[in-house]
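Enquirer: Sharing a structure below in structure tokens format, with a few things to ask.
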């Protein structure tokens with residue numbers, strides 16, 4: 001297993017001045033979706049451990065719980081820790097997950113709610129979690145711009161946004177980061193979205209960089225999922241697809257053995273090697289797994305090894321979509337109406 005580095009280097013995320021730790025911490029699973037909420041004292045201890053280790057970029061959302069993940073972070077950041085972290089949260093999915101909302105009044109109310117739950121005066125990076133395709137993106141970002149000017153948020157981000165939506169948003173106010181699912185077996189964003197971000201000087205935050213745990217445990221991950229784990233509905237995690245995807249994990253594991261690291265470290269290192277404008281935010285609920293993820297920073301890959309890894313998880317080798325067809329909007333269906341169509345109430 002690769003040893004964890006002594007320190008986590010900072011990287012510049014986007015071109016607007018935000019600096020974050022080279023690896024972040026996704027906090028969703030502490031409170032939601034991956035089984036029942038984990039014990040609060042344990043999660044606060046994990047967050048404190050992460051910050052002490054140099055992972056200071058913390059990612060949450062108002063829909064995680066809903067609300068309970070932000071409340072957890074708010075408690076964890078008491079006692080002077082707030083000044084040591086870069087705090088990212090999101091809005092745009094209603095608490096019942098029934099719809100996306102991006103109209104100005106909703107944006108403002110959501111921000112006020114997050115500030116209160118987090119117990120902070122300002123949010124470092126505020127994402128639109130999913131795009132409301134009923135509201136022109138210019139309208140939503142226009143309200144976010146006002147929140148920046150008022151000092152409520154520092155930087156604006158988008159999540160699961162298409163290249164055209166990113167361009168339109170960026171024309172209203174500079175977008176600092178776009179969050180996307182990007183991993184060894186989820187690479188469709190490389191065709192258009194990633195190049196657009198790089199053209200515009202926008203940072204990329206890679207969520208689920210370990211394939212929602214697949215590159216940590218392979219096919220056995222499905223046997224260990226609790227009843228309330230939403231991965232049970234993902235096409236890629238259905239038994240028939242997972243068994244076909246087993247070969248990918250076997251090949252990654254073989255290469256990891258040759259490299260002297262774990263499969264998860266190898267898969268995470270692949271994301272780190274995409275460039276210094278990319279910050280993966282693997283989530284975990286265990287300090288041991290966190291330390292292992294941190295060790296990915298010390299795994300070095302040659303261009304030949306990168307290509308070899310990519311060949312294992314080529315599109316034709318990956319079975320099952322990353323999310324159900326009826327799930328929340330993804331970047332592929334995130335285009336919004338033209339600004340000229342908007343009539344404010």
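The numbers here are math on the coordinates, done by the rules we state, and not lab data. Since the model is a prediction, treat every value here as computed from it, not as a measurement. Glycine gets a Cβ as well: all are built from the backbone with ideal geometry, and neighbour counts include every protein chain shown.
Enquirer: For the range 41-191, taking Cα atoms only, what is the radius of gyration to one decimal and the Dmax to the nearest whole Å?
Expert: 15.4, 44
Enquirer: How long is the gain from residue 253 to residue 311 if the chain were fully straight, where each residue apart is worth 0.36 nm and the alpha carbon distance is subtracted? Could the numbers behind the result be given before it?
Expert: Working: separation 58, 0.36 × 58 = 20.88 nm, distance 1.40 nm.
Difference between extended and current length: 19.5 nm.
Enquirer: Taking Rh as the Kirkwood radius, which is the inverse of the mean 1/r over Cα pairs, what is the Rg/Rh value for the range 25-119? Present the calculation step by step, with values, prior to reporting the outcome.
Expert: Details: Rg = 13.3 Å, Rh = 13.6 Å.
My calculation of the ratio gives 0.98.
Enquirer: Using only C-alpha positions, report the orientation-averaged shadow area of the convex hull of the range 281-345, nm², one decimal. Working shown, then result.
Expert: Values: hull surface 38.2 nm².
Computing the convex hull of the Cα atoms and averaging its projections yields 9.6 nm².
Enquirer: For the chain, take the longest principal axis of its alpha carbons; what is the angle in degrees between that and the long axis of helix 163-172, to the nearest 10 within 0 to 90?
Expert: Helix 163-172 and the main axis of the chain meet at about 40 degrees.
Enquirer: Among 229, 321, rank each residue by its count of other Cβ atoms within 10 Å, from fewest to most, as a rough exposure measure. Please report the intermediate quantities before stating the final value.
Expert: On the way: 229 20, 321 14.
Lowest to highest Cβ neighbour count: 321, 229.
Enquirer: Shifting gears a bit: Hey, of (1) 33, 24, 18; (2) 30, 23, 20; (3) 40, 23, 19, which did the structure itself give for semi-axes √(5λ) of the Cα gyration tensor in Å when calculated?
Expert: Looking at semi-axes √(5λ) of the Cα gyration tensor in Å for this model, the match is (2).
Enquirer: Taking all pairs of distinct Cα atoms, average 1/r, flip it, and tell me the Kirkwood hydrodynamic radius of the range 196-345 in Å to one decimal place. Write out the running numbers ahead of the final one.
Expert: Values: mean 1/r = 0.0579 Å⁻¹.
Hydrodynamic radius (Kirkwood, Cα pairs) of the range 196-345 is 17.3 Å.
Enquirer: Based on DSSP H runs of at least 4 residues, each adding -39500 (n - 2.57), what is the mean residue ellipticity at 222 nm of the chain after dividing by all its residues, to the nearest 500 deg cm²/dmol? Let's see the in-between values first.
Expert: On the way: 12 runs with 126 residues, N = 345.
It comes out at -11000 deg cm²/dmol, rounded to the nearest 500.
Enquirer: May I pose another question? Report, as a whole number in µm² per second, the diffusion coefficient that Stokes-Einstein gives for the range 100-178 at 20 °C and 1.002 mPa s using the Kirkwood radius over alpha carbon pairs.
Expert: It diffuses with D of about 174 µm²/s by this estimate.
Enquirer: Tell me, 31, 15, 7 in order of fewest to most beta-carbon neighbours within 10 Å? Before the final figure, lay out the partial values.
Expert: Details: 31 25, 15 14, 7 11.
Going from least to most buried by this count: 7, 15, 31.
Enquirer: What is the angle, in °, between the Cα long axis of helix 303-312 and the longest principal axis of the Cα atoms in the chain? Nearest 10 is fine, range 0 to 90.
Expert: Around 90 degrees separate the two axes.
Enquirer: Related question: Given a Förster distance of 30 Å, report the FRET efficiency between residue 240 and residue 335 from their Cβ-Cβ distance, rounded to the nearest 0.05. Write out the running numbers ahead of the final one.
Expert: Numbers: r = 33 Å, r/R0 = 1.09.
Efficiency computed from Cβ-Cβ geometry: 0.35.
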